[in-house]
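Comments concern the structure below.
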Amino acid sequence: MRISGLYSGLDIETMVQDIMKAERIPVDRVYRQKVKAEWKRDAYREVNTKLLQLRTKAFDLRLQASFSTRKVTTSDAAVVSATATGQAVDGTYTIKVERLAEAAHWEIGNVEGAIKSIWGSDSEQAPEGPAEIVFRGADGSLVTLTINEDDTGASIVEKINSNRALGLTAIYDPEGDRMMISTRATGKSAQIAVHSSTNEAGRQLLAEWFPDIAEDAFDTEGFVDVGKSGQDAKLEINGLVIERESNTFTINGLNITLHGVTQGESSVRLTVERDVDAIYERIKGFVDLYNEIVTELNLKLREPVNRSYEPLTEEERKEMDEKDIELWEKAAKSGLLRSDPIISRILSDMRVAISSSQLDRIGIKTGSWQEYGILHIDETALKQAIAEDPDRVMELFTRQEEGENVGLAGKLTKILDDGMDRIVSTAGKASIPYDTSYLGEQIRRYESRLEAMQERLDQVENRYWNQFIAMERALSELYAQSDWLYQQLAALQGVRG
């Protein structure tokens, strides 16, 4: 128990706090060093995040596919549309569509009426239990559709559409009590088939729904086809007649989708050509990000150091409002990476790689030295280079020597990889649970020192308190003796009187 100035009249608690403020000066100095190290670590990691974005852009430009993007234009998108893959060849394709691929269909009438006929009150031989109709599923396996006497057209449709294994879709018209069942697949191989293992109730229901089915259709083990079979799409491409099971297919590097048929001798023209705009935007996206990062990093290298602003201690933060804390820390963090050798090396290496890459041949030039390596694009010149000599443009970024990419994209990827590795060895990664980087180890040493210093502070504070408490006890005993002597003197004076 700590007694504060009961006998001395001193504000011991305030005195101890003031003494401890002086004792805490070395601790606060180490604490600020620790916070600065954490700030610098975080600043490095932010830089690495930016560099990773640029590295992703550069890596994409290493791929020849990035410069092989093609676009397809169609003379009638309502009949034929298409997209190009990397294997597409420039040229014109004339397409005539004779017919589209269709799914198999099975139209059923008297849907709910059949259910009432089988299980209704007027039925003399109502089956026991539900009707189990066994279909050939999408993968050829047997899939059972169970229909109960309380099912409706809507509930049957729900059962069919929700069972993906059936490979069927259905719609129901309540006005006409009709249902249309279709296969999800198209083509002449698409067929709705019912297996002979369908139970008796199911056969009765099928007889009601599909009266044309032969009575002995299920006498032998196997499938019975019902409804109308599907059909293949038939078309002519540059005079070549082809058939496909689906209205969407790939041929000669083109993903073609058929939407309708051509009339008479009319045809649809597909034109495949290099997509200049897409390639331009890909290069421009890289240049824009490069300029953004180069500008930001150069600002960090020249950022002033505000030595009069140090990290705030917890006690100092308690005396300030949030806005003041924010402004103070912004000033204190200024210059964390000023003249940083790692970042300077990355920027220097990138500038050397770009200056030796001959980008000016395709309309990309470096600005004046005051701009610290910013790139400028001549849109007209770059688009013209992509359109007229795309191989030269691709070569600047993707050139190979002895299996190694020595083009600009390859050089920048390697520079960024090396730079990010150096930053990781200095500041680590947030995703790594135990940080073994230089700053990570330094921060742990600061934490160990702070722990030891705090333990010493606690001991010093306890010593001061013990000393003041001892003083209070001594004063207490002194006052007690003084009171006793006073009483004795008063008693003697009374006797004499």
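Which of the three applies to region 350-427, rounded, prolate or oblate, going by the alpha-carbon gyration tensor with a ≥ b ≥ c and a/c under 1.5 meaning rounded?
Working: a/c = 2.95, a/b = 1.39, b/c = 2.12.
Because a/c hits 1.5 or more and a/b fails to exceed b/c, region 350-427 counts as oblate.
Suppose each label sits 7 Å from its Cα in the direction of the beta carbon; what would the Glu455-Ala474 distance come out to in nanometres?
Between Glu455 and Ala474, the simple spin-label model gives 3.1 nm.
Starting from the Cα of Thr73, move 7 Å in the Cα-to-Cβ direction to define the label point; list residues of region 248-277 whose amide nitrogen is under 15 Å from there.
Zone members listed by number: 269-277.
Using a Förster distance of 56 angstrom, determine the FRET efficiency expected from the C-beta separation of Gln263 and Glu401, and round it to 0.05. Numbers along the way, then the final one.
Numbers: r = 56 Å, r/R0 = 0.99.
The computed FRET efficiency comes out at 0.50.
I need the calculated FRET efficiency for the pair Glu379 and Glu38, taking r as the beta carbon distance and R₀ as 41 Å, to the nearest 0.05.
On the way: r = 44 Å, r/R0 = 1.08.
Given R0 = 41 Å and the Cβ-Cβ separation, E is 0.40.
For the chain, what does the helix formula give at 222 nm: sum of -39500 (n - 2.57) over DSSP H segments with n ≥ 4, over the residue count, nearest 500 deg cm²/dmol? It would help to have the intermediate numbers written out before the result.
Values: 13 runs with 234 residues, N = 497.
-16000 deg cm²/dmol, from helical runs alone.
As a quick test, which of the pairs Lys96/Lys159; Lys21/Lys300; Lys96/Lys228; Lys36/Lys411; Lys300/Lys429; Lys234/Lys284 have an alpha carbon distance above 32 angstrom in this structure? Don't jump to the answer; show the numbers that get you there.
Details: Lys96/Lys159 39 Å; Lys21/Lys300 35 Å; Lys96/Lys228 26 Å; Lys36/Lys411 34 Å; Lys300/Lys429 20 Å; Lys234/Lys284 43 Å.
From the list (Lys96/Lys159; Lys21/Lys300; Lys96/Lys228; Lys36/Lys411; Lys300/Lys429; Lys234/Lys284), the Cα-Cα distance tops 32 Å for Lys96/Lys159; Lys21/Lys300; Lys36/Lys411; Lys234/Lys284.
Throw me the Rg/Rh for region 22-84, computed over C-alpha atoms with Kirkwood Rh, two decimals. Don't skip to the answer; put the middle values down first.
Details: Rg = 26.9 Å, Rh = 17.1 Å.
Reported Rg/Rh (Cα atoms, Kirkwood Rh): 1.57.
Which distance in nm do the two modelled labels at Gln442 and Tyr464 give, with both placed 7 Å along the Cα-to-Cβ direction?
It works out to 3.2 nm between the two label points.
Take Glu243, project a point 7 Å from its Cα along the Cβ direction, then tell me which residues of region 66-108 have their backbone nitrogen under 19 Å from it.
Those under the cut-off are 96-105.
How large is Rg/Rh for region 354-497, to two decimals, with Cα atoms and a Kirkwood Rh? Don't skip to the answer; put the middle values down first.
Details: Rg = 40.4 Å, Rh = 23.8 Å.
Ratio of gyration radius to Kirkwood radius: 1.70.
Compute and list, largest first, the equivalent-ellipsoid semi-axes of the chain from the alpha carbon gyration tensor, each √(5λ) rounded to a whole angstrom. Spell out each step's value before the answer.
Values: eigenvalues 1323, 458, 57 Å².
Semi-axes from the Cα gyration tensor: 81, 48, 17 Å.
Let me check against my output: what whole-number percent is the relative contact order of region 385-497, with C-alpha pairs under 8 Å and at least 6 apart?
Details: 41 pairs, mean separation 9.9, N = 113.
In percent, rounded to a whole number, it is 9.
Which whole-number percent is the relative contact order of the chain (Cα, under 8 Å, 6+ apart)? Working shown, then result.
On the way: 756 pairs, mean separation 112.8, N = 497.
RCO, the chain: 23 percent.
Given a 1.4 angstrom probe, I'd like the percentage of the accessible area of the chain that is carbon and sulfur, rounded to a whole number.
On the way: 13600 of 28260 Å².
Taking all protein chains in place, the chain shows 48 percent carbon and sulfur surface.
Quick one: dipole size for region 121-264, taken about the Cα centre, charges +1 on Lys/Arg Cβ and -1 on Asp/Glu Cβ, in debye to the nearest 20.
Details: 10 positive and 24 negative charges, 232 e Å.
Once rounded to the nearest 20, the dipole reads 1120 debye.
Could you check the simple spin-label distance between Ala165 and Thr92, using points 7 Å along Cα→Cβ, in nm with one decimal?
5.3
For a label point 7 Å from the Cα of Asn306 along Cα→C-beta, name the residues of region 328-342 whose backbone N is under 20 Å from it.
328-340
Residues of region 61-108: accessible area per residue at 1.4 Å, in Å²? Can you show the working numbers first?
Values: 2250 Å² over 48 residues.
I get 47 Å² per residue for this part.
Placing +1 at every Lys and Arg Cβ and -1 at every Asp and Glu Cβ, with all other atoms neutral, what dipole size does the chain have around its Cα centre, in debye to the nearest 20?
Values: 60 positive and 84 negative charges, 719 e Å.
Its charge dipole is roughly 3460 debye.
Excluding ligands, DNA and RNA, what is the solvent-accessible area per residue of region 420-497 at a probe of 1.4 Å, expressed in Å²? Can you show the working numbers first?
Numbers: 5750 Å² over 78 residues.
Normalised by residue count, the accessible surface of region 420-497 is 74 Å².
Could you provide, to the nearest whole Å², the per residue accessible area of region 152-296 with probe 1.4 Å? Before the final figure, lay out each step's value.
Details: 7180 Å² over 145 residues.
Accessible area per residue, region 152-296: 49 Å².
Can you give the FRET efficiency for Asp150 and Ala387, using 1/(1 + (r/R0)^6), R0 = 51 Å, r = Cβ-Cβ distance, to the nearest 0.05?
0.15
Given the options Gly120, Leu270, Trp465, identify the residue whose Cα lies farthest towards the positive end of the charge dipole of the chain (+1 on Cβ of Lys, Arg; -1 on Cβ of Asp, Glu).
Positive-end residue among those listed: Trp465.
The values are calculated or read from the model by the stated rules, or taken from the named source; none is laboratory data. Everything quoted here is computed from the prediction, not taken from an experiment. Virtual Cβ from ideal backbone geometry, glycine too; neighbours counted across all protein chains shown. In case anyone asks, the SASA skips ligands and DNA or RNA and just uses the protein heavy atoms, side chains included. Shrake-Rupley method; radii C 1.70, N 1.55, O 1.52, S 1.80 Å.
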